[in-house]
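The values are calculated or read from the model by the stated rules, or taken from the named source; none is laboratory data. These figures come from a predicted structure and were not determined experimentally. Heads up, the Cβs are rebuilt from the backbone with ideal geometry, glycines too, and the neighbour counts pull from every protein chain shown.
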Amino acid sequence: MIDVALIDVGKLILTEPAEARHRLEQIIALLPAISVQKDDNREPNGSSHVLAPWQALKVQSFIDAHLSEPIQIQSLAAAARLSTSYFFRAFKGTFGTAPHHYVMQRRTDRAKQHLRSGEEPIAQVALNCGFSDQAHFSRVFARHTGLPPSAWRRLHQQDASAALAN
């Protein structure tokens, strides 16, 4: 499965680099689900709680498609065709983090793209990436990156300017 996906990414790299990058991110996120599970991820009866690769990919795609909206765990569980409680354990077993934290990380990643590529007001970036308001966005962004959005934008726009000058 991964070998076929990597071949597809290889074909896209020259023609559609953004899509190739998106697919590589999806493949990377699937790796924990495919790798051999450690004994500490197993229940006492020997069963492990991880999403099947198709479920992980479906959930990831759902999250990316709905980042600008509120995302309920029930919707994610439904996309994976699992109960909410089992989904939560399987998600954490697959991605190594709770669904909410993963969604916040994906929103932060999308916000970085917006901040890097334009002069859009930070409040608008926050709304476009699914944060309830600018203050919430700033807290989450700083927690994930170590910098508030405005400082991160200045730093990365300066880096881009310096790279272009060289």
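Where residues in the stretch 44-73 are farther than 18 Å from ARG106 by Cα and of a type in the set (S, T, N, Q), which of them is modelled with the lowest pLDDT?
My answer is ASN45.
Which of the residues belonging to the stretch 69-90 are closer than 25 Å to SER132 by Cβ and touching a Leu at 6+ places or on another chain (Cβ under 7 Å)?
So the first thing to find is which residues in the stretch 69-90 are closer than 25 Å to SER132 by Cβ, and the list is 69-79, 84, 87-88.
Matches in the stretch 69-90: PHE87 only.
Restricting to the stretch 49-74, give me the number of residues that are of a type in the set (S, T, N, Q) and surrounded by 16 or more Cβ atoms within 10 Å (Cβ to Cβ). Before you say what the answer is, go through the steps one by one.
Quick first cut of the stretch 49-74, residues of a type in the set (S, T, N, Q) only: 55, 60-61, 68, 72, 74.
When the remaining residues are screened for being surrounded by 16 or more Cβ atoms within 10 Å (Cβ to Cβ), the result is 55, 60.
The qualifying residues number 2.
Picking from ASP64, ASP109, which residue would you name as being assigned by TED's automatic domain parsing to the domain that holds THR145, acidic (Asp, Glu), closer than 27 Å to GLN124 by Cα and in a helix (DSSP H, G or I)? Working first, answer last.
Numbers: ASP64 fails: assigned by TED's automatic domain parsing to the domain that holds THR145.
Result: ASP109 is the single residue among ASP64, ASP109 that is assigned by TED's automatic domain parsing to the domain that holds THR145, acidic (Asp, Glu), closer than 27 Å to GLN124 by Cα and in a helix (DSSP H, G or I).
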Go through (1) under 16 Å from the mean Cα position of the chain (by Cα); (2) more than 30 Å from TRP54 (Cβ to Cβ); (3) not hydroxyl-bearing (Ser, Thr, Tyr) one by one and return the number of the condition ASP133 breaks. (1)
Any chance you could count how many residues in the stretch 116-147 are over 23 Å from GLN26 (Cβ atoms), aliphatic (A, V, I, L, M) and either exposed (fewer than 12 other Cβ atoms within 10 Å of the Cβ) or touching a residue at least 24 places away in the same chain (Cβ under 8 Å) (or both)? 4
